[in-house]
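Accompanying notes for the structure given below.
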There are 2 protein chains.
Amino acid sequence: MGLSTAYSPPGSRLVTTPLAAGAALRRSVQLLLPRRAPLATVRCSVDAAKQVQEGAATVAAEKPASRKGFGVFSTIYDLKADSEHCKSKSWKKLVSIAVSGAAGMISNHLLFKLASGEVFGQDQPIALKLLGSERSFQALEGVAMELEDSLYPLLREVSIGMDPYEVFEDIDWALLIGAKPRGPGMERAALLDINGQIYADQGKALNAVASRNVKVIVVGNPCNTNALICMKNAPNIPAKNFHALTRLDENRAKCQLALKAGVFYDKVSNMTIWGNHSTTQVPDFLNAKIDGRPAKEVIKDTKWLEEEFTLTVQNRGGVLIQKWGRSSAASTAVSIVDAIRSLVTPTPEGDWFSSGVSFDPFKLFVVLFWCFSEGKIENKTQVYTTGNPYGIAEDTVFSMPCRSKGDGDYELATDVLMDDFLWERIKKTEAELIAEKKCVAHLTGEGIAFCDLPEDTMLPGEM
Amino acid sequence: MGLSTAYSPPGSRLVTTPLAAGAALRRSVQLLLPRRAPLATVRCSVDAAKQVQEGAATVAAEKPASRKGFGVFSTIYDLKADSEHCKSKSWKKLVSIAVSGAAGMISNHLLFKLASGEVFGQDQPIALKLLGSERSFQALEGVAMELEDSLYPLLREVSIGMDPYEVFEDIDWALLIGAKPRGPGMERAALLDINGQIYADQGKALNAVASRNVKVIVVGNPCNTNALICMKNAPNIPAKNFHALTRLDENRAKCQLALKAGVFYDKVSNMTIWGNHSTTQVPDFLNAKIDGRPAKEVIKDTKWLEEEFTLTVQNRGGVLIQKWGRSSAASTAVSIVDAIRSLVTPTPEGDWFSSGVSFDPFKLFVVLFWCFSEGKIENKTQVYTTGNPYGIAEDTVFSMPCRSKGDGDYELATDVLMDDFLWERIKKTEAELIAEKKCVAHLTGEGIAFCDLPEDTMLPGEM
């Protein structure tokens, strides 16, 4: 079937190396094989045609030494030469993206979106590094084969692996989707522990080998606390680079407001999901706008806003499973694309997006002070500031309204309204996140875990 | 859960109407409700904000009468007003796309690609019309819900239905993926009959209600003969508008040549798949080029080219099922995107793409004559011209090399090399297509069917 042997099959040296030894091995490999530097070159000019043939003749000997990509992605190429000689394309520097749970259905949508250029743009070549498990390794090969057959011009590297210390090497983005599903009768505390352990290990691996400015989006549930664990195990990476995905909730909330108002969904803006990606989450209709006006002015049905709206948003996944028989893989992948795009393109003036983030109290205080002194914050029903802009407990991964200049970074929005109804619900989701945090203290280096999570707050349709 | 009641649930008047009565009903509906004309308007200017509110108040009464979209897609909007007042976007005229088998896995990838703008571009609003069956209707609702939650700005309409006479109304594209899978022990002849009947009905429906210039891409197997049946039942639509998908085969063939030559796949061009989408198909390495040079000059391994290459391409789907446990939904969807894009964007100079098409002998003869008289055809090993450029039996749907100006139309490439090895294999796949055609004569209006299909030529991994 013509697959290269350059990737590592199950049981090979690279994929079964223990984590600590993996790091040592990686360094030695790096010394021997400088990554992406002096690769043999295939040019597209006429003169270089002969080189192609020579390249073809020598490629078998060269491949294992020069690249460790899957199948056709182990072939040699040179982006710079492509740009210079073909004049058809000016390529940006390769962006390297790791995806965990890469054999799952969400990834099966996401990987092809990343490869198509839909996310990072048509001039941005990418490398995809697929992280799986021993159980899913064959499926990963299948995914890589489909990526080969898709002939995406922007997709320059695909590799697969089971060791995060290998897969996360020098990555710019980590999209962490993989998580164990909750078994029958399993307590949420047990799930937190099992998946928390995975995210602790992955945090350590990111800390050891990823780009120092890697952006991490955690999708695997419970995603806020998994993101917290991951962040705490990666002290050398800025804390604000870690995100928990609440974008699907935001998208669903926008859609429901649009439906209720009888407008197209592109008219809904400033939709915040506050707090945890669980049933305590708070879709915020106080700050949401419809065609630039407060949602509450457009939708007069307060009872619907206060009661049905949140339930409808939260039950969406459950209804979908009933209808479709599967969980919402496609729209989750779309929301991951949205989450990335919100960080790499400037936020539209006045708008914001939701992301589960951990904030830096000092920096925010400075921003808030500036906003107040410049008169940028107006019409606030009440501002809660006990050390940070919203008065939310620090050191959790909490979904909040963010804005980006498109540089991968973001700031929290400070022009936010608050009222008692919203505040009470924020305190409830905050309490849950604090309880979850106590439950995983053994994984964040904060002492002995104490678990008290009485309610099942998993969103319907999620595992 | 906030779904509109504007779509037709199973058992409603619209979806269970018999086909003939459906057409009559459609006409009466059309008289009452001019489509996309005088819709109520939502503007994005500040002045118009009040209209939003009024719109919201009246939308419940208006919706069932003015639109029959699913959920949020039954909301009112006006593309022209959006362009004029927002100044953010200049919208093209809406393109209406029907997808059959819309609840299946291929569609689950394809629909989101269409909605994202990846296929038709970022200034092209689209309407998606999902065709399913009674069995899949709930799943269709699930798909439509996920499309709602994806907030694609270009996706302006989504509707679902079970009656092709409803779903195909005024469509510009028909992507026909739906087909019955082959049951255990079922003969290919029986499959041809069952699926042929579906495609005969859909051809009649296209003939009755689709745009007179609708482009039809048939994916459901056996796709060549299904496309032929569909075409024969739609005499009012140009025959050359019907395509059978062989693009996944082409993409796989390009990838394998690239892998063998040790080059990146974007260096492979002029890859033809000749004939049937079955094991008699002919991936053409005689005309294929690698970095502008004949593939046979770059890859000297003739044994590999003549024996392994074709088998590897054909077995790809089977290997994938072994690895991944599912058929190649994602890469099939990518190849459908490629097939569409090849028709709506100009073919790169000198290159071509493969599509299963039925050719107009007279027009081709004229083109060929012109090419010869202008000296455009050179280096031909041999030209077979018994009434058409390749000498292939007319009146089948046969995969051949095509070029497009990007206007949705195409011409067959005439600068094609032929040798005995290629010709013999073309004759074999031609013989199979002629046999399949005889097998469905009762569905194409050509008399009594006579079926003699001894071999099972279904591609591994396909149903």
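Miscellaneous remarks
- Residues in region A:169-185 that are under 18 Å from A:PRO125 (Cα atoms) and either touching a Leu at 6+ places or on another chain (Cβ under 6 Å) or among the aliphatic types (A, V, I, L, M) (or both): A:ILE171, A:ALA174, A:LEU175.
- Filter pass, A:ARG252 being modelled with pLDDT of 95 or more, among the basic types (Lys, Arg) and closer than 15 Å to A:THR310 by Cβ: yes
- Test: residue in region A:293-308 that is part of a loop (DSSP other than H, G, I, E, B), at the interface with chain B (Cβ under 10 Å from one of its Cβ atoms), out of contact with any strand residue (DSSP E or B) (no Cβ under 7 Å at 6 or more places or on another chain) and of a type in the set (Val, Ile, Thr): yes
- Hey, A:ALA115 in contact (Cβ under 8 Å) with a residue 40 or more places away in the chain and within 11 Å of chain B (Cβ to nearest Cβ) or not: yes
- Selected residue (only one of A:ASN251, A:ASN236 is in a helix (DSSP H, G or I), among the polar types (S, T, N, Q) and touching a residue at least 12 places away in the same chain (Cβ under 8 Å)): A:ASN251
- Tally, over region B:254-271, of residues that are touching a residue at least 40 places away in the same chain (Cβ under 8 Å) and among the aliphatic types (A, V, I, L, M): 2
- Which listed residue is more than 16 Å from A:GLY71 (Cβ to Cβ) and among the small types (Gly, Ala, Ser), from B:GLY317, B:GLY275, B:GLY262: B:GLY275
- Hits in region B:106-120 - residues which are assigned to a helix (DSSP H, G or I) and in contact with a Lys or Arg (Cβ under 7 Å, 6 or more places away or on another chain): none
- Answer residue from region A:129-166, given it is under 18 Å from A:ASN108 (Cβ atoms) and of a type in the set (Ser, Thr, Tyr) and is nearest to the other protein chains (Cβ to nearest Cβ) among those: A:SER150
- Hits in region A:425-463 (condition: touching a Ser or Thr at 6+ places or on another chain (Cβ under 8 Å), surrounded by 21 or more Cβ atoms within 10 Å (Cβ to Cβ) and not in a loop (DSSP other than H, G, I, E, B)): A:THR429, A:GLU430, A:GLU432, A:LEU433, A:GLU436, A:LYS437, A:CYS439
- One residue stands out among those in region A:157-201 that are β-branched (Val, Ile, Thr) and without any contact (Cβ under 8 Å) to a residue 40 or more places away in the chain: the one that is nearest to A:LEU147 (Cα to Cα), which is A:ILE198.
- Members of region B:100-112 found to be in contact with a Ser or Thr (Cβ under 6 Å, 6 or more places away or on another chain) and facing chain A (nearest Cβ under 9 Å), listed by number: B:ALA103
- If only residues of region B:233-286 that are within 23 Å of the chain's Cα centre (by Cα) and β-branched (Val, Ile, Thr) are counted, the one that is farthest from the other protein chains (Cβ to nearest Cβ) is B:ILE237.
- Residues located in region A:314-347, provided they are more than 9 Å from every other protein chain (Cβ to nearest Cβ) and either aliphatic (A, V, I, L, M) or closer than 20 Å to A:ALA261 by Cβ (or both): A:GLN314, A:ILE336, A:ALA339, A:ILE340, A:LEU343, A:VAL344
- All positions within region B:308-328 that are at pLDDT below 95 and farther than 19 Å from B:ASN276 by Cβ: B:VAL319, B:LEU320, B:ILE321, B:GLN322, B:LYS323, B:TRP324, B:GLY325, B:ARG326
- Filter pass, A:PHE120 being away from chain B (no Cβ under 11 Å) and either within 15 Å of the chain's Cα centre (by Cα) or not small (Gly, Ala, Ser) (or both): yes
- Taken as a whole, the structure leaves B:ALA413 outside the set of residues that are at pLDDT 95 or above and either crowded, with 21+ Cβ neighbours inside 10 Å or touching a Pro at 6+ places or on another chain (Cβ under 7 Å) (or both).
- Residues within region A:209-224 that are part of a strand (DSSP E or B) and among the basic types (Lys, Arg), tallied: 1
The values are calculated or read from the model by the stated rules, or taken from the named source; none is laboratory data. None of these values were measured; they are calculated from a predicted model. So basically every Cβ, Gly included, is an ideal-geometry build from the backbone, and we count neighbours across all protein chains shown.
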